[in-house]
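A.B. asks: Here's a structure for you.
The values are calculated or read from the model by the stated rules, or taken from the named source; none is laboratory data. Note that this is a predicted model, so its numbers are computed, not measured. No Cβ is skipped: glycine too gets one built from the backbone with ideal geometry, and neighbour counts run over all protein chains shown.
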Amino acid sequence: MRLDDAINQFIQFIALEKKQSPHSVAAYQVDLQQFSEYLKIQYQVEQIGEFNHLQIRSWVASLMQAGISTRSISRKISTLKSLYKFMRKQEWVTDNPMLKIQLPKVSKKLPVFVDEAAIEKLFGSNQFEDDFNGKRNELILHLHYGTGMRLSELISLQEKDVDVFKSQVKVLGKRNKERIIPVSRELLQYISQFMELKREMKIHNPELLCTETGNKLYPKLVYNVVHQSLSHVTTIQKRSPHVLRHTYATHLLNNGADLNAIKELLGHANLSATQVYTHNSIERLKEVYKNKHPRS
């Protein structure tokens, strides 16, 4: 069987049956296509039974020589492991060379976040125009910081997912897992005002957020809104929607929220993914000690 054919069937499997997000599916496809092309060029190999762990190690070495980050290499190896798990389940292969491939050690980076003073400045500024796009862009920022939802979740959020009476929104996360996020009365007011604006403009889009012509938002638009808005209030280099997700979690933890509660709010599958925020909290305590203790 050709490797490319196996890859295509695997991509269909994770997209249709595993319900992976379009972003994840695209990343899997790119990684596997790169691996397939490497085997064709370097070893003239196209069949799934014609290569072993030595060729895979050679591919990993080529990625390192190309300066690819260890985090990206680890992701590519994990993708290849998932492909082999799928192929073994389909009984296309019997051996698993991935058992001899180790993931490179990845240094954990602390999540970048915006401090509370900058957030207050962000929402206290008059940078938003008093028109459809201005009100939508302001709501994008309020939703990201007020719920911590992912970019893909924000774009897919529908009007029917907003429960005004219970002050909560229902979010469809990774692997179609639903979760409920409580929201403030202030955020609900912004949501209600924007929904009313849509009705006045006769925009009948099921998604809460949309373009002025009623089309669904796309990731680059949301990224640009967040990046430009944060550039007015902070000097941090990363100014993405995910930074506002990190900010939401960090501010909750710094103000006494339980780590398990934050885990549920973020939609993390396990606590280890949430525990990274405790490092930011510890760094904040060190800063308080340094600035406030007389003998620090």
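A.B. asks: Residues that are without any contact (Cβ under 8 Å) to a residue 24 or more places away in the chain and either out of contact with any Cys (no Cβ under 6 Å at 6 or more places or on another chain) or surrounded by 15 or more Cβ atoms within 10 Å (Cβ to Cβ) (or both): find the helices (runs of 4 or more DSSP H) completely inside the stretch 207-283 holding 3 or more of those.
C.D. replies: Numbers: elements: 219-230, 241-254, 259-266.
Fully inside the stretch 207-283 and qualifying: 219-230, 259-266.
A.B. asks: If you check every pair at least six apart or on different chains, which have Cβ atoms under 7 Å apart with a residue in the stretch 7-24 that is more than 19 Å from Y218 (Cα to Cα) first and a residue that is at pLDDT 90 or above and among the hydrophobic types (A, V, I, L, M, F, W, C) second?
C.D. replies: I7/L32; I7/L83; F10/L83; F10/F86; I11/V25; F13/F86; I14/V25; A15/V25
A.B. asks: Condition test on S192, is it in a helix (DSSP H, G or I), of a type in the set (S, T, N, Q) and surrounded by 14 or more Cβ atoms within 10 Å (Cβ to Cβ)?
C.D. replies: Numbers: in a helix (DSSP H, G or I): yes; of a type in the set (S, T, N, Q): yes; surrounded by 14 or more Cβ atoms within 10 Å (Cβ to Cβ): no.
Against the criterion (in a helix (DSSP H, G or I), of a type in the set (S, T, N, Q) and surrounded by 14 or more Cβ atoms within 10 Å (Cβ to Cβ)), S192 does not qualify.
A.B. asks: Here is a list of conditions, (1) surrounded by fewer than 18 Cβ atoms within 10 Å (Cβ to Cβ); (2) under 25 Å from the mean Cα position of the chain (by Cα), and Y28 meets all of them except one; can you say which number that is?
C.D. replies: (1)
A.B. asks: Any residue that is touching a Leu at 6+ places or on another chain (Cβ under 7 Å) and buried (at least 20 other Cβ atoms within 10 Å of the Cβ) - is there at least one of those in the stretch 101-115?
C.D. replies: yes
A.B. asks: Restricting attention to the stretch 120-135, which residues are out of contact with any Gly (no Cβ under 8 Å at 6 or more places or on another chain) and either among the aromatic types (F, W, Y) or not assigned by TED's automatic domain parsing to the domain that holds S231 (or both)? Let's see the steps before the verdict.
C.D. replies: First pass over the stretch 120-135, keeping only residues out of contact with any Gly (no Cβ under 8 Å at 6 or more places or on another chain): 120-127, 129-135.
Across the stretch 120-135, the qualifying residues are F123, F132.
A.B. asks: In the stretch 86-143, which residues are among the basic types (K, R), more than 22 Å from Y223 (Cα to Cα) and part of a helix (DSSP H, G or I)?
C.D. replies: Passing the criteria: R88, K89, K100.
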